[in-house]
1. Of all helices (runs of 4 or more DSSP H) completely enclosed by the stretch 2-83, which ones contain at least 2 residues that are out of contact with any strand residue (DSSP E or B) (no Cβ under 9 Å at 6 or more places or on another chain) and charged (D, E, K, R)?
2. Only residues that are surrounded by 10 or more Cβ atoms within 10 Å (Cβ to Cβ) and either of a type outside the set (D, E, K, R) or touching a Cys at 6+ places or on another chain (Cβ under 7 Å) (or both): list them for the stretch 47-65, please.
3. Give me the pairs, please: first residue somewhere in the stretch 33-47 and modelled with pLDDT under 90, second residue anywhere and among the hydrophobic types (A, V, I, L, M, F, W, C) and open to solvent by 50 Å² or more (accessible area, probe 1.4 Å), beta-carbon distance under 8 Å, and either six or more positions apart or on two chains.
4. Return the residue satisfying two criteria in turn: it lies in the stretch 21-46 and is under 18 Å from ARG64 (Cβ atoms) and polar (S, T, N, Q), and of such residues it is least open to solvent (accessible area, probe 1.4 Å).
Amino acid sequence: MLSEHQLPLEWFDVLVHLADLPGMQARQKELRDRMLLSESGVSRLLVRMEKAGVITRSTAGDDRRGMEITVTEAGQAATAYCP
């Protein structure tokens with residue numbers, strides 16, 4: 001995946017998990033639970049993905065402590081290559 005699409009494999013894992021959810025979005029905690037990673041590991045991964053433009057992170061409207069993760073158009077284009 002890295003050589004073909006310039007995206008690390010773990011990024012595709014995140015994108016595939018999000019693609020299975022309504023609106024291609026989830027709370028960071030929900031994503032962390034699906035991926036079985038630590039809170040800090042998921043946070044660092046999502047920051048890198050946001051900087052690359054494949055996801056956005058925003059404060060959840062109903063709970064300002066939570067983060068809402070959403071796939072961008074660039075992220076959706078990348079998931080088109082996932083088997």
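1. The helices (runs of 4 or more DSSP H) meeting that bar are 9-19, 28-35, 39-52.
2. Taking the stretch 47-65 first, the residues surrounded by 10 or more Cβ atoms within 10 Å (Cβ to Cβ) are 47-50, 52-60, 63.
Passing the criteria: VAL47, MET49, ALA52, GLY53, VAL54, ILE55, THR56, SER58, THR59, ALA60.
3. From residues that are modelled with pLDDT under 90, there are no pairs.
4. GLN28
The values are calculated or read from the model by the stated rules, or taken from the named source; none is laboratory data. Please read these numbers as outputs of a predicted model, since none were measured by experiment. Virtual Cβ from ideal backbone geometry, glycine too; neighbours counted across all protein chains shown. Please note that ligands, DNA and RNA were not included when accessible areas were found on the heavy atoms of the full protein model with its side chains. Shrake-Rupley method; radii C 1.70, N 1.55, O 1.52, S 1.80 Å.
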